[in-house]
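Below is one structure, written out as structure tokens, with a few remarks after it.
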Amino acid sequence: MRIRRIAILIDGGFFIKRLSKLVPPHQCNSAAAVANSARMLCKRHVQRLTGKRFNTDQSRWLDHVYRLFYYDAHPFDEIAHHPISNLQIQFAKTPEAIFRNELFAELRKARKFALRLGKVTREDGWHIKDSQVTKKLLRTREWISVLDAAVVQARTGRAAPALTTTQADQLAKIADAWRNLTVDDVRLGLRQKGVDMRIGLDISTLTLKKQVDTIILVTGDSDFVPAAKLARREGIEFILDPLWQSVKDDLHEHVDGVISAFKQPTAAGPAEEPDEAPPAAAH
């Protein structure tokens, strides 16, 4: 039997975002479940490439694997004050940070998985998440003259111009937009650094050192086109798994296949994904 040399590279942030659309909740609702789903994805790809089921010995599929790389970033662990609640937030103790650290611990224990972790840095201050809410709040600028008149009235006792019913309704909507702003509507400006660079460097190293004959990249990001082109020029089979997300034409052009290991979700929702299910067809 031919032993393949396969490397699977998983963009962790992308994988976690897409996973809940592809598998039932119990396969993505904990760090252990997500780690197992990552392993399941890798096994499906190896099964497809080798044509083997590996039912009798569950670890034999790893004989064809050089390494399984998982890329993400260390959670942001600084302290900041929320501008609405004015409470101190210890980001290292948030559910997101705890989940990420638990997931990394699970993957470190998994055979042939290698973690490649960048970092999350604070780029700037707080931002409103929803663009529609931002648009409503920016409309306050249209009412500066009305607010100025109210200030003059308060200071001098001079009567301000009366508002029409329409103006009053619009002003009330703007006031409601500010009043209804919640702690969940704003986020701190954080940026992930070093992850894409690590993916690109690993693709180049695997290629130029001839450590593998097949690279499978799990991502939807077209920034990796130059790395994919390098791998293919050097004779490496380069396969993309976008987890059923649409892919830009330039990324389609520079890979040897676009194949998703999980079943395609339907209108009814994600499909049940038993560990020994057959690999999904190419698309």
Q: Among the trypsin sites (Lys or Arg not before Pro) in region 56-160, which ones are in a DSSP loop with at most 13 other Cβ atoms within 10 Å of the Cβ? Mind listing them?
A: 111, 129, 158
Q: Provide the gained length on full extension for the span residue 256 to residue 209, in nm with one decimal, where the gain is 0.36 nm per separating residue minus the Cα-Cα distance.
A: 14.9 nm
Q) Once amide H atoms are placed 1.01 Å from N in the peptide plane, what residues at a sequence separation of 5 or more from residue 186, or on another chain, have their amide H within under 5 Å of its amide H? A) 129
Q: Run down the aspartates and glutamates and flag those whose C-alpha is under 20 Å from the C-alpha of residue 21, throwing out any fewer than 8 positions away in its chain.
A: 11, 72, 96, 221, 241, 272, 273, 275, 276
Q. What number, rounded to the nearest 500 deg cm²/dmol, is the helix-based mean residue ellipticity at 222 nm of the chain, given -39500 (n - 2.57) per DSSP H run of at least four residues and division by all its residues?
A. -12000 deg cm²/dmol
**Q.** Of every Cα-Cα pair in region 131-184, the percent that sits beyond 12 Å
**A.** 70 percent
**Q.** Gyration tensor (Cα) of region 139-224, equivalent ellipsoid semi-axes in angstrom
**A.** 60, 13, 11
Q. Among all stretches of the chain without exposed GluC sites (Glu not before Pro) (DSSP loop, at most 13 other Cβ atoms within 10 Å), which one is longest?
A. 79-233
Q. Among 73, 159, 35, which one moves the most in a GNM of the chain with springs linking Cα atoms closer than 10 Å?
A. 159
Q) What is the Cα convex hull volume of the chain when expressed per residue in Å³? A) 174 Å³
**Q.** J(HN,Hα) series, region 190-199, from Karplus relation 6.51 cos²θ - 1.76 cosθ + 1.60, nearest Hz, glycine and proline x
**A.** 10, 9, 7, 10, x, 6, 4, 4, 5, 5
**Q.** Most mobile of 157, 194, 257 in a GNM of the chain (Cα contacts under 10 Å)
**A.** 157
Q. Using +1 on the beta carbon of Lys and Arg, -1 on that of Asp and Glu, and nothing else charged, what's the dipole of the chain about the Cα centre, debye to 20?
A. 560 debye
Q) Check residue 218: other-chain or 5+ apart residues with amide H under 5 Å from its amide H, H built from backbone geometry? A) 9, 10, 11, 241
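Values quoted throughout were computed directly from the atomic coordinates according to the rules given, and no laboratory measurement underlies them. Keep in mind that this is a model prediction, so the values were computed, not measured. Glycine gets a Cβ as well: all are built from the backbone with ideal geometry, and neighbour counts include every protein chain shown.
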